[in-house]
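Here the structure is laid out as structure tokens; the discussion comes afterwards.
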Amino acid sequence: MSDRDVVVRLDGLHKSFGRLEVVRGVDMEVHRGEVVVVFGRSGSGKSTVLRCVNFIDDPSAGSVEVAGIRLEGGHRTRRKREQIRQLRLHVGMVFQQFNLFPNMTVLDNVTCAPRCAGRGTGDEIVERARDLLDRVGLSDKAEEHPIRLSGGQQQRVAIARALAMEPDVMLFDEPTSALDPELTGEVLAVMKSLATEMRMTMIVVTHEMGFAREVADRMAFFHEGRILEQGPPDQLITSPAHPETRAFLDAVL
Ligand SMILES: Nc1ncnc2c1ncn2[C@@H]1O[C@H](COP(=O)(O)OP(=O)(O)OP(=O)(O)O)[C@@H](O)[C@H]1O
């Protein structure tokens, strides 16, 4: 694959919180249309890496490149703040907690960011938002407020909202772990359709191994702030190279 196909590139990424070194040298390339599932024990640094991709957390060292915008870790200058703003336009993120705006309707939640960014006329933005709500199976909920929706529906709104800015990559941080088991499937189904129908580039932190096996192109096992091993799901799940990976898989499968 050519360099142009690289949507996200992490190079020697480190992140410390005070003296706690959480991410200890992560290199990763994600290509256009690729779905990478990141998994590993609690505390292994998965969320932190994801949060470094869009600079919610500032990397302590190393670099992050998204859609050709490359930024070094370390302190923020005024110029870097502007570059971070530019980089974030290319990244959509979905969190464990849906974080919808409770006082806005579903439609307003989805149109809010593109309106602020001036992405087209009001009518165009609303039309696109309605298409996205249709895509996540919620076209009949546009005028509702989030509190009237189930957790699974709220998470699907959060996905539509992140897609509304037409990002180059979607980051998912344990998107189903706050949901009751019976609602998990509907969110995973939407994520699967993004991968298969939209060919969306995605980095997904999840322990949903069924989803990983079915949808991921690659899985990366995190251990103590590093990628211990990575590979195609079938290979990693059935014959992991490291005892740590095997022990983890035995625990979750
Ligand atoms: N803002 C922060 N300040 C201090 N420590 C933090 C901060 N964010 C994360 N940590 C610590 O960094 C370590 C890694 O956290 P992280 O959330 O990245 O792990 P994780 O692999 O995603 O785990 P989990 O599955 O539990 O979310 C943990 O020890 C956590 O307490």
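The values are calculated or read from the model by the stated rules, or taken from the named source; none is laboratory data. From a predicted model like this one, the values you see are computed outputs, not experimental measurements. With ideal geometry, Cβ positions are generated from the backbone for all residues, glycine too; neighbour counts draw on all protein chains shown. Note: accessible area is taken over every heavy atom of the protein model, side chains too, but ligands, DNA and RNA are not part of it. Shrake-Rupley method; radii C 1.70, N 1.55, O 1.52, S 1.80 Å.
Shown here for region 51-153: GluC sites (Glu not before Pro) in loop regions (DSSP other than H, G, I, E, B) with at most 12 other Cβ atoms within 10 Å, namely E143.
Among the DSSP beta bridges whose two residues both lie in the chain, what percent are antiparallel, rounded to the nearest 5? Before the final figure, lay out the partial values.
Working: 23 of 41 bridges.
Of the beta bridges lying entirely in the chain, close to 55 percent run antiparallel.
Between Q83 and A178, the simple label model (points 7 Å from Cα in the Cβ direction) yields a spacing of 3.2 nm.
So what is the relative contact order of the chain, in percent, for Cα pairs below 8 Å that sit 6 or more residues apart? Working shown, then result.
Details: 469 pairs, mean separation 65.1, N = 253.
After rounding, I find 26 percent.
Please report the carbon-and-sulfur percent of the accessible area for region 101-166; probe 1.4 Å, protein heavy atoms only, DNA, RNA and ligands left out. Its accessible area is 47 percent carbon and sulfur atoms. In the full protein context, the chain carries 47 Å² of accessible surface per residue, based on a 1.4 Å probe and ignoring ligands, DNA and RNA.
Magnitude of the Cβ-charge dipole of the chain, K/R +1 and D/E -1, about the Cα centre, nearest 20 debye? Walk me through the numbers on the way to the answer.
On the way: 32 positive and 37 negative charges, 194 e Å.
The dipole magnitude comes to about 920 debye.
Taking the Cα centre of region 101-166 as origin, work out the dipole magnitude from +1 charges on Lys and Arg Cβ and -1 charges on Asp and Glu Cβ, in debye rounded to 20. Please list the in-between numbers first.
Values: 9 positive and 10 negative charges, 50 e Å.
Charge dipole of region 101-166: 240 debye, to the nearest 20.
Once the C-beta distance of V252 and D5 is scaled by a Förster radius of 35 Å, the resulting FRET efficiency is 0.65 to the nearest 0.05. Residues considered: V22, V49, V106. Largest GNM mean-square fluctuation over the chain, using C-alpha springs under 10 Å, is found at V22.
For C112, what is the net charge nearby, where nearby means another residue's Cβ is under 12 Å from its Cβ and Lys, Arg count +1, Asp, Glu -1? Intermediate results must be reported in sequence, preceding the final value.
Working: positive: R115, R119, R161; negative: D108.
Neighbour charge sum, excluding C112 itself: +2.
Model label sites at D131 and A241, defined 7 Å from Cα along the beta-carbon direction, differ in position by 4.2 nm. Cβ-Cβ distance of M165 and D217, R₀ of 22 Å, FRET efficiency by 1/(1 + (r/R0)^6): the value works out to about 0.40. Could you work out which residue, out of D11, D234, D180, moves most in a Gaussian network model of the chain, that is, has the largest mean-square fluctuation with Cα springs under 10 Å? Maximum fluctuation in the GNM of the chain, among the listed residues, is at D180. If you take the Cα centroid of region 153-169 and the Cα centroid of region 181-253, the two points sit 20 Å apart. With contacts taken as Cα pairs under 8 Å at a separation of at least 6 residues, region 101-166 carries a relative contact order of 48 percent. Computed over region 112-155, the Cα gyration tensor eigenvalues convert (square root of 5λ each) into semi-axes of 21, 11, 8 Å, ordered from largest to smallest.
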